[in-house]
Structure formats: structure tokens, C-alpha cells
Amino acid sequence: MKFDTIIIGGGLAGLVCGIRLQEGGHKCAMVSTGQSALHFSSGSFDLLATLPDGTPVEHPLEAMSRLESPHPYARIGADNIARYDREFPEMMKRAGIGLTGSATRNHYHFTPMGTMKKTWLTLDEFVTFDEPSRLPWHRVVLVNFPGFLDFYTKFIADEFEKAGVSCTPVQVTLPFIEKLRSNPTEMRSANIARTFDSTGHIDELLRELKPHCGEADAVVMPAVFGLSSPAPLEYLKEQLGKPLCPLATMPPSVPGIRMQQQLTKHFVHLGGTFMLGDTVDRADIENNEVKAVYTTNHADIRLTADHYILATGSFFSRGIIARPDSVYEPIFDLDVFYDTDRSKWYDADVFAPQRYMTFGVMTTDSFRALRKGVELTNLHAVGSVLSGHNALHEGCGGGVSIMSALHVADSLLNDK
Amino acid sequence: MGKTGNGTEFDVIVIGGGATGAGTARDCAMRGLRVLLLERFDYTNGATGRNHGLLHSGARYAVNDGESAAECIRENRILRRIASHCVEENGGLFISLPEDDLSYQDKFVESCRKAGIEAEAIDPKEAIRLEPSVNPSLTGAVKVPDGSIDPFRLTIANILDARAHGAVTLTYQEVTGFIREQDRIVGVQTYNSKTKERTEFRAAIVVNASGIWGHHIAGLAGVTVNMYPAKGALLIFGHRVNNMVLNRCRKAADADILVPGDTITVIGTTSTRIPYEEIDHMHVTADEVDLLLTEGEKLAPALADTRILRAYAGVRPLVAADNDPTGRNISRGIVLLDHASRDGLEGFLTITGGKLVTYRLMAEWATDLVCKKLGVNAVCRTADEALPGSRLTKEEEKRYPVGNVYRAAESRHGELARQMDLHDAYDNSLVCECEGVSVGEANYALRALDATDLASLRRRTRIGMGTCQGELCACRAAGLLAKAHNCTEKAKHELVDFLNERWKGMSPVAWGESLRESQFSAWVYEGNCQLGNNKKEVKP
Amino acid sequence: MNLQQYNISENNFEQCIKCTVCTVYCPVVPLNEDFPGPKHAGPDGERLRLKDPDFFEKSLKYCLNCKRCEVACPSGVRIGDIIQSARIKHNTDTPKLRDMLLANTDFVGRMSTPLAPLVNMTLKLKPVKAVMDSVLKIDHRRVFPSYARQTFESWYRKHAAEQQQNFRKHVSYFHGCYANYNYPQLGKDLVKVMNAAGYGVHLLEKEKCCGVALISNGLINQATRQGKHNIASIRRSVVEQDMPVIGTSSTCIFTLRDEYPHLLHIDNADVRDRVELATRFLFRLIDEGKLKLVFRKDYKKRVAYHTACHMEKLGWAIYSTSLLRMIPGLDFVMLDSQCCGIAGTYGFKKENYRTSQGIGAPLFRQIESLGLDYVATDCETCKWQIEMSTSVPVMNPVSILAEALDVEATIQANR
């Protein structure tokens, strides 16, 4: 099978790269082992919340100059990042995904715990704030469904009240959700969302909900609307007659799943080939050039392309794999940055910066992958498989995926 | 007879909420004494909760310490009867591998018989049939009545029964000093680490059953008990690899026992002498992990590629006797010290040494001495009366409606599961999906089993002990805690502490799937939820 | 050090990191609250069943075995296999008469062929349906596939076998029960396409039903016997005669390749790579430049492709769709990949009918909205379900290729 570019990994970085390339006229194939970490997304993308030294960042674009290579942002450059900051939301809009925010200044949105989190871009369906703990409401109703354990009304109410907003908890009992509840395990956000995808169910919710909303300035609810399309959510917003403030739930995340599906569909709609549930096992490499890759499903049928992009993610997606004494990249055996002393991988405080989070493949400044110190001419790495950053500590995971994906895609398109 | 700050009178104060302390409280209470048990943290916080969970048959000690072995098998049989809901009658194998001296087997079997332990040498092929995970290159095997015991349930059952007999049991009450009148201990001073209150409790006799901390407690009373801190590290594998306990048939050594228990399998232990000051700061090192794995694979080769959930370490509460640097040759025998005859201090006893399996006998000895001192004439009934949770007859078991949610609860709590609200869909929803812990079970533990925080909720129910180590359930459990005890702010802190405690056990083995799990948990809790954000400090 | 270098155990369930992605893609959960869901029935349940086999729940039978959970799993956990293995290991119920009838597709087929018109008519009669519904619990709303008067095998022996010797290259054809008893035209189409491509087509020495329905109905011993028999036949073809085995049913091929080793513990490692769908075989030849297909210029059809669940799991839809897209006059539409709800014999059972039709509803709506000539799919049970539930005829891609192929021009082009 012959393509212009083969992208290994169907998560955020892979999809952004693939869509950019398809839009630029490349014929791409994307191979994804399973569904991606977008399924746990809280509905926003972080660009830079903290510098590696711990300094909080309010203005990400300004702070970029303080990062040094091998940080991916230093390699991409502040000018390019500023440009992608403008272009990326446009691209997402074409996929049907609306985003709010700017790299000039971080904004805030709610976490599933009801606290505020600093971020770069947030899905339009969520409420965003310029300042933390200053809410535009005096009183809200806080809605949950009895038995839905992944939404913590007590914690959330506590945070709202700290911010001076009085919170009235409301439990909404609906027959179709009660049915779900009779299963001890399946009262999950995605399953609730699926029940609301059925026609008429949002109306039933509205009937139950409205009598409780009289005095409230806003309605706070778990983000369990619109699994396969934003339509149920939009309908709810339109009919509610009050501002709706959905809060992301614990995994699985309905807005995250929808985003993944919209991006995948858009990629396929643009002519891309998406191979789900398949894994790239190995590659042919000659003269520092990737000649072909082989997958589990296609076995001896080679997948070939001019360019290959490694977007396989970090440990979670097995982009890199840790053994007790080493960390390796399983497809190409690329050079991986890690510490040979395992005891240095971790900090005893789980919430302190963990060094293992910074492990990843090593690349040139243009993100060409390195193997035994030599660059592979047609293999680029993008996203969280990259070393040089700590996605959690710096609050830069989504940003690194998006920026590196766009940057590499552009370099391939310009190459042509 | 003494008085507390609030006027309640006690005959005896038991210091320590491990199996021995709980057992002593139960025994004393069943003999009609007024009992107060004080635990510094939560029940089972010490060695009780940090061992293999092996229901020794005694075979392991038969060659070197016939007396301990005989004690073990007697208690083993008693526990099968009185603590059936804590015991899994798995049976055990002592296997010889090609590098082991097979002639040791004869001596081993002979010693077992002398101690009263049914030990039967069987054909290696039969051993493989009985336990398919065993190393197939074994040259010999001896079948013994080893089993598994859940120390958390065992201790709580003793606490519940002690209470049913009138005992008062308090957690988070640290003994900070003794009330002394001349040469007599008449009470203790305590500090409650949750309420920050200081209290005095008085009783005629104080029993020091605080395990390795007994050294310190004795010091507070002005007497010397030299404990021998020997650290033992263990690894928990993600699921049941074996169904029989696997031991090596040789002189006891590191990492030669593999114990299945509930959903998991444990390998252990190492043995390292550590300074007394370190007993509250146990960390499992990479070398210990590697040693446990190397030896574990010899017992069951499947361990080479089985996911490891976590590593943990306990401190054996052995009393120093000689200069053995490994601490292995010390008798596991029971040590009961009457400080009146030993040190001239009345009203103070220390019960230590021994093993989890002999906790009841230790309690009996200690209670006998307490009764003697108080002039109480009552016989010990703890070997005859089943513990709460173990009072179901087979017929009764069958009569109850089944269903996996109830089945899981009953597997942990025996007939006490019937006290849980498991009647509607909400109560039946699972909080911890790995271990099958429902809302009803968690609420029961929060209400009736002194689960005051997430750590104690975990010990009572297994919430967060499964594959995901709290990734999916910690937040749900914190939500239930906040609701049950109306403590939202505390529950949030608890959640942070809980995740940190889980990480402590995961980090020594965080590679492969375990590191994937850790990264996923970190994304969810730190990334999405911003937990622990206020604690984020950068290390230079 | 060699410790824990590859933490991939036989007990694949422990690679599950409890991310819950599988639960999002299970088609059964939203419609049947008695099914515990893939995570709990699969990896979570397996751990509990290792603790105590009593944790086995009969509700695992509601699993369709569609494997969509496996396709979604980011950790490569074989969730569907875990669930099916648990059913095999722990289920003590003896299969009902109905399940035996539904499972024994080749036995029932063999019995029905001589009486095909009678059987077909009888199965349509209301009283018969009522009896089947009430006695056998086979849902009365279900439309049965009809039986052919002549099996594919006997047609082949009479009309095709001889000519196959004239080719230089050869393949064996695993036709499966459907092509043999219900729709021999598919087998004829396969012979036509392969002959045009320059390959002689042969029957296996003796083919038995792949056993997929036996497995899902708990008739494991019989399935294993038939599986071993089939692999022995396949081995003679592949190893002794160097003839690869191709098929036209994604389910049969999937079963031969993956369910045999994973569920029945039949070792097929030496032949597995040479058992595949005809579309994959043809695609490879074209991809390697060894074959050129020429299509009729007057062929004009609007066709949508439905990815059967096992096709999704195999990841092979791209072969069938690539071939269809090569037909110049074919207006191609890709349907959203979702389960049609039939899952072999699952949808025939009265207790599953509602779930089955509920699962398929979005797919049926999409099909009806597109103004199609055909739906193409590689699975025969999907065909029954879609034909019963929509107004659009369903064809195997091989049949569409046969219909569109310019045989003479193809032969010329490859000369």
C-alpha cells in the first residue's frame, strides 16, 4: 500500500498532523492501536502553564523565549507558535470543533473537581474565565443523576461556595438513566451520553430540570451530552433558558470522545485512510531511510510512503516502553532519552515533577528521529513521544502535540 | 481500677491495633474485663498488615524450631474454624529445585511429623497437576496444610468481637507517656492525631502489644525491650498466579514463599537489619525488587512476565536475642514479658514476637497473665467461638441470594455482608471495579468498621487494592467519604494522601504496564483534576 | 538482567489499565442492562474468576463477540477472547435444542438442501414461526436465509472442477456454509473472478463448518473437533500442495485464523498467514503489480460498504473497499463502521431480538438514506440482517467484482 505519508498513532498529534497534511494535498494513512488518550481529555488544550523551573506562566507566547532546546517549543520557535495559535482553531472549526482561547494569555476552566485550571484552548461548550475564582454567578444549581459516581457534587459545591456562589444540589431521576443504573458497572459518562443521544430524552431532562432552575443564574452539570455529535448539547443549551456550565467528568470524557470522533471523521473525509485497531510492528530501514512499515493486520503487505511520522505517544500508548533497566522505542528502536538508574525515574511525591514524564525519543531540531545518533531522513516524531518536556508539570501536553504536529506537517508540505 | 478523662473505668488498656492487640482485647473482653484498646494510626498499620498473609502450617519452622512449628499448626487449625472468612484453605507445597539438596526433604518431612504437621512427599508430576504454575523443573514436593489469611479482616473481626463484649477501641490515639504511681503503671497519656486532643486513660494493667513499636513504648514506661527491626520487602502481583502456597524446601532464605490471597499473589520476603529509627520510613529498594523477582521466578516461572502491582515492606517485631545479622535464626516464638518480675514495674506487660498465625495464642497468654494479676478466674474461649464474619453455616450460605456484588462482599465480610445496604441499584453500583467493592459495602465500612479515612476504607474493603491502584476508584471513594462523614475538605486531602500512598508502593516497580497505569493516573488526577497542585514545588 | 523484560503475559488481561475506553464502544451495553459490559465481563471479571470461579456470570452470554472492544482498546487486551474463554471454561449449562440447531449450520444445511423449496417455504409460514418462537425461542420476526437446491460443492464438482486444472496457479477455497447451502452464487462468483485472474480454484479435501456458531453456542468439543479437521485439511493444501486458502466470509476466515488458536487452542501458526479473504489475496497481487483487473465500462452502481465486526477486527476492510473503488463506474460510499446487531446466531434468539435490532438501527437508517443499489459486506450474517431490516440488497464484494469484471479483458491484460 502506497501513501505520501504514513502516520503512526491516531491520537491528538497524529490526527492534527494528518489533517494538516491531507488539507495540503498529501495522501495519508494513519495506524492507531486503539482509541487514543483524547478519550480522557477534560475538554481543553494546555500550551504552557509553568516553566520547567516552576515559574507560573500567564502569557505563554511571551514565555516561549525562556525555553531552550531540546524543549519542543524552542525547536518550533515562538513565531511559528504564534502563527499556529491563529491557524489551529480555524483548522478545528473545519472539523466542526469550536475552541476558545489564545496563546497570548492563558484562561481558566473548571476541572472535574470544581477547581480552576489554567489552559490555552477550551471547547466552546465549556465556560471559561479570565481570572480564577471570580464567577459571574451568585447562585447555581448543581445537577447530577443518582448513582453517577464519577461526578463529585460535594467537592464541586465546596469550590463554588468558596468562590462565593451558592450551590443548590439537584438530583434528576430519569427512567432511561435508572435503567442504566441497574447495571452495577455501566453508569458511566459515555453510556449516559448515549441515552441522551436518543430523541426526546433531552426534553425529558428539561421537564425534570426546569422547575429547579427558577432562581439560579446558571446550571452546572456533568459533561454527558453529545457522544457522537454536539447536537444534543446544543439543543439542551438552547432550550434551558439559562447558561449551562458543563463540567468534565472522570474518564471516559464525552467531549473528548466526540472530539476524537470528529477529528477522525474529518481526516477520513479529507481522503485520509484511518486504520484503527492495528499496530505497526516493525519497519524496513535502509541507508537511514524508512522504506516500509509492517502492521499486525496487514502482515506481509507493506505500507510504504515518502514520509513517516511517529506519533505514538508516551508510555500510556506504548510509544515508549519501560523495562526495569531501560526505556525503548518499540518500532524503530530510536534513541530514547532516559536515565539508566531506575531510582532516578521517580519522585516520592506523586504530585512532584516526575522525571519519567520527560523521557521520550530524541530528535534533531527539525524533529527528525535519531537512531544510534544518526538521523533518519524521512521519519519525524511529534507529540508526547518526544523528549525534552514534561507535559504534566509544565502543563504543555496538548500544546506540544499540536505545535509539533503542525510544524512537522508544514515542513513536509513545504518540502514538496 | 482506673478512670479515664470522661469517667469510664477500665481493667486493662491494650496498646496496639494489630492482630495481637485486637486479639488480646477480644480475649480480655470475653473474659469479662473492661477493655480499652488504643491504636496510634489505624488497625493493622504495622507488621500485621505488611506480611505475606500466609496461614503458616508451621512447616517452615519445623526443622529449626519445633516448638514454634507445633504452635503454628495448632493455631492454623483453630483459625480455619474461628476465622473461616479470613482464611483460604489453599494448601501449600514445599518444592525442591535442581539446585536444592533433595535429601533435605526427608529431614523436613520428619520434622513436620514431629511437630504434628501433615506433610506428604508427592511426585513432582502430581505437584504440577495440583499447582500448574509451579516451576516444572522441580525435583520434589511436599504437601502441607499451609493456607492464606487476610490480616485486615482478621484484625477487624477481633475488634468487632471485642466491642461486642464491651471493649472500647480507639484509633489515632498515640500513647505518649505513662501514668506511674511508684513502681506501678496505672494509665497512659495519649494524643489524638486527628482531633489534636490529649487525654489520660487509667487501668490496672497496661498491655504493650505494639509490635516493633513496643521497644519505644517500653522505653516510655522506663523499661528496656530490645526489638530487632528486620525489614522484609514483598511484591504484589496483579492477579492470582498460583492457588497453592509455594515454598522452597530448604533452609529458610530470601524470597522463597509465594502466597495467593484474594485476587492477588505475594512473593516475599527479603530480610535486612535496619536501624530502629527507620521503622516508620520503609522504602523498597530496586535491589530488593530484583532479588524478589529473581527468586520468585524460580518458584513460578510465570512471575517473569506477570504484572507487579506494588512493593511494600514490613518490620518483623522480633526480640533481639543474639547477634545474627540476618534475624532469621531468631525464634519466631512468643515472648511475654511480665515487667513486674523482670523489671520490678507492676501493671505493665509486653506481648511480642510470635507470628500472625499465633496472634490468638499470644493474646491468650497475655490475657492469662492479666487475669492472674487481677485475680480474675475466667477461661479462654477464643479458640472455640467463631469470629464475626465466620458464623455462617454452609446451609445459610446457600440460602442467601447470590449475585456478584453480594458475593464479593460476602467473600470479604462473611455473614456481616448481610448488614450492608445492598438492596437497590445505587447501593449495588461498584466503586472499585477491580475488586468489586460496591457503594453499599463502602458505606458499611464507613459506618460500622471504623473506616475514618481512605486508607482505612481500603484496608476494610480492598478499595484501591486492585489493578488500577485507585486510578478509577479513589475519587469515587473520596466522594463517598465526604458524603458519609460530611467532610468535604478532609476528603480532598485524603484523596491526595491516598494517591501518594499508592504511588509509594507502585514506584519501586513502575515499569511496563505499571508505569502506563501510573502515567494514566497522573494525567487524570494531576492533569485533569489539578490535584496536589498546591504542593507542587520544584526540586533543584 | 533478564527480569521482566517483556511484561506481556499469556494472561493478556493484565495489560488492561482500566481506562474504560472499551465500554464506550460496546454495542450491547446501551441496550441490555443485564450485560456487565466489556471491562467488567472481561479483564476485571477474569481477575475475580481467578479468585473464585463462582464469579462467572451467565450474563456473559449477551456478549456479541463482535470484538469492537478489542479494536478500541489502547492496550491490546483481547477482551472479547477473555469473555468467550470464560464462557467456554465456566459455563456448565448444556446447550438448548435451539442453540444446537442454530449452531450446526452445516448439519442443518445438509439436511435442508434436498428439501430446499419445502424448507424455505415452511420457514416462512406463520404457524411454523410461531412454533419456533414459542418452543425454540427463535424470534418469529426473524427472516431465515433460504436454502439452495444445489450446494456449491456439488455445482463445483459438476461444472467447474475439471477446468481448474488448466491454470498455472492455484488456490483452495474455503467456501463456508453460507456459500455452500444458502447462496452458491457467491462461490460461482469467486471461481469466475479467480479464474479471470489466472488462478484455478479448488475445494479443500474436506471442509467442515468453521464452527463459529458452535463456539458462540457453547458446543466447544464439537467446534474443536471440526477446527482440528479443518486445519489438517488446510495444512494439506498450504504445506503439501503450496496452495493458499482463500475465503469469501470474513467470519469464517477470522475464526480459522484467530478464534482457533485463541479460544480452541488449536495451533495454526504454520498456516495462519496463508489463510485469508479473497479480496486480500487479490489486493496483494494488484499492490505488487502482479495482477490487473479490467472492469466493464457499462457498469454503473451506487454501492455502500458495511464493515462487519470481524472485518473491523481483522482490519481488512481496506482490501475490499480498495477493490470496489477500482471499479470505474462504481459510486462508492463508506458507511460508518458499526455493528449491525446480528452477530451470527445471536440475533436469531428470541431474548436478543430487541437488542439486535436496536444495535443495528442507526446503520439501517444510514443505509436507507443513501439511495443505494447495493450494500457490500464481507459477512453473510450482516447480509441477512441488513436485507431483513432495510430495502437494499446486500452483496459480497466478490460478487460485485464478478458482476463488474470484464473477464476477457482481464485475461488479456494479465497475459
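The test for being at positive phi and at pLDDT below 95 does not hold for C:G358. When restricted to residues that are surrounded by 18 or more Cβ atoms within 10 Å (Cβ to Cβ), modelled with pLDDT of 95 or more and under 21 Å from A:M259 (Cα atoms), the range A:40-87 contains 6. Look through the range A:295-305, keep the residues that are within 12 Å of another protein chain (Cβ to nearest Cβ) and not in a loop (DSSP other than H, G, I, E, B), and return whichever of them is nearest to A:G25 (Cα to Cα). Selected residue: A:T304. No other residue among B:N226, B:N242 is surrounded by fewer than 24 Cβ atoms within 10 Å (Cβ to Cβ), over 26 Å from B:L33 (Cα atoms), out of contact with any Phe, Trp or Tyr (no Cβ under 8 Å at 6 or more places or on another chain) and within 14 Å of another protein chain (Cβ to nearest Cβ) apart from B:N242. Can B:Y228 be described as assigned to a strand (DSSP E or B) and in contact (Cβ under 8 Å) with a residue 24 or more places away in the chain? Judged against the criteria, B:Y228 is a match.
Of B:N443, B:N486, all but one fail to be within 11 Å of chain A (Cβ to nearest Cβ) and of a type outside the set (D, E, K, R); the exception is B:N486. Screening B:N500 against (1) at the interface with chain A (Cβ under 7 Å from one of its Cβ atoms); (2) part of a loop (DSSP other than H, G, I, E, B) leaves a single unmet condition, (2). Condition test on A:K154, is it within 14 Å of another protein chain (Cβ to nearest Cβ), charged (D, E, K, R) and in contact (Cβ under 8 Å) with a residue 12 or more places away in the chain? For A:K154, the condition - within 14 Å of another protein chain (Cβ to nearest Cβ), charged (D, E, K, R) and in contact (Cβ under 8 Å) with a residue 12 or more places away in the chain - is not met.
Quick check, is A:D281 out of contact with any helix residue (DSSP H, G or I) (no Cβ under 7 Å at 6 or more places or on another chain) and either within 9 Å of chain C (Cβ to nearest Cβ) or in contact (Cβ under 8 Å) with a residue 60 or more places away in the chain (or both)? The answer is no for A:D281. Would you confirm, using the coordinates I've provided, whether A:Y328 is of a type outside the set (V, I, T) and either in contact (Cβ under 8 Å) with a residue 12 or more places away in the chain or crowded, with 22+ Cβ neighbours inside 10 Å (or both)? When the stated conditions are applied, A:Y328 does not pass them. Looking only at the range B:110-122, residues that are surrounded by 22 or more Cβ atoms within 10 Å (Cβ to Cβ) and under 11 Å from B:V144 (Cα atoms) come to 3 in all. Screening A:Q171 against (1) within 13 Å of another protein chain (Cβ to nearest Cβ); (2) over 23 Å from the mean Cα position of the chain (by Cα); (3) under 24 Å from B:V524 (Cβ atoms) leaves a single unmet condition, (3). Is it true that B:N377 is farther than 22 Å from B:T44 by Cα and surrounded by 14 or more Cβ atoms within 10 Å (Cβ to Cβ)? No, not satisfied.
Within the range C:46-58, the set of residues being within 11 Å of chain A (Cβ to nearest Cβ) and out of contact with any Pro (no Cβ under 7 Å at 6 or more places or on another chain) is empty. Among the residues of the range C:239-256, none qualifies, meaning not one is among the hydrophobic types (A, V, I, L, M, F, W, C), out of contact with any Gly (no Cβ under 8 Å at 6 or more places or on another chain) and without any contact (Cβ under 8 Å) to a residue 12 or more places away in the chain. Scanning the range A:265-318 for residues that are surrounded by fewer than 17 Cβ atoms within 10 Å (Cβ to Cβ) and on the phi > 0 side of the Ramachandran plot turns up A:G271, A:N287, A:N288, A:A299. Considering only residues in the range A:306-347 that are modelled with pLDDT under 95 and more than 10 Å from chain B (Cβ to nearest Cβ), the one that is nearest to A:G360 (Cα to Cα) turns out to be A:T340. Filtered by the rule that a residue be part of a helix (DSSP H, G or I), among the polar types (S, T, N, Q) and either within 14 Å of chain A (Cβ to nearest Cβ) or surrounded by fewer than 20 Cβ atoms within 10 Å (Cβ to Cβ) (or both), the range C:68-106 gives a lone residue, C:S85. Among the candidates A:K237, A:K265, A:K291, the residue that is within 14 Å of chain C (Cβ to nearest Cβ) and among the charged types (D, E, K, R) is uniquely A:K265.
Checking every residue in the range C:273-287 against the condition of being in a helix (DSSP H, G or I), under 29 Å from C:Y25 (Cα atoms) and in contact with a Pro (Cβ under 7 Å, 6 or more places away or on another chain) gives at least one match. Would you check which residues across the range B:351-371 are polar (S, T, N, Q) and more than 20 Å from B:I217 (Cβ to Cβ) and list them? Listed by number, the list holds a single entry, B:T358. Taking the range B:410-436 as the range and being of a type in the set (A, V, I, L, M, F, W, C) and at pLDDT 90 or above as the test, the residues that pass are B:L416, B:A417, B:M420, B:L430, B:V431, B:C432, B:C434. All of B:G479, B:G466 fail the test of being assigned to a helix (DSSP H, G or I) and not hydrophobic (A, V, I, L, M, F, W, C), apart from B:G479. When A:T249 is tested against the conditions (1) under 22 Å from C:R78 (Cβ atoms); (2) assigned to a loop (DSSP other than H, G, I, E, B), the lone failure is (1). Being of a type in the set (S, T, N, Q), in contact with a Leu (Cβ under 7 Å, 6 or more places away or on another chain) and closer than 18 Å to A:A409 by Cβ is a property that holds for A:T5. When restricted to residues that are over 17 Å from B:P317 (Cβ atoms) and among the polar types (S, T, N, Q), the range B:258-273 contains 2. Among the residues making up the range B:289-309, a single one is surrounded by 24 or more Cβ atoms within 10 Å (Cβ to Cβ) and more than 11 Å from chain C (Cβ to nearest Cβ): B:L299. Residues in the range A:138-154 that are part of a loop (DSSP other than H, G, I, E, B) and surrounded by fewer than 20 Cβ atoms within 10 Å (Cβ to Cβ): A:H138, A:P146. Of the numbered criteria (1) buried (at least 16 other Cβ atoms within 10 Å of the Cβ); (2) of a type in the set (D, E, K, R); (3) in a helix (DSSP H, G or I), the one C:K158 fails is (1). Of all residues in the range B:363-409, those that are at pLDDT 95 or above and among the aromatic types (F, W, Y) total 1. Taken over the range B:80-109, residues that are aliphatic (A, V, I, L, M), assigned to a helix (DSSP H, G or I) and out of contact with any strand residue (DSSP E or B) (no Cβ under 6 Å at 6 or more places or on another chain) amount to 1.
The values are calculated or read from the model by the stated rules, or taken from the named source; none is laboratory data. Worth saying up front: this structure is predicted, and the values here are computed from it rather than measured. We place every Cβ from the backbone using ideal geometry, glycine too, and count neighbours over all the protein chains shown.
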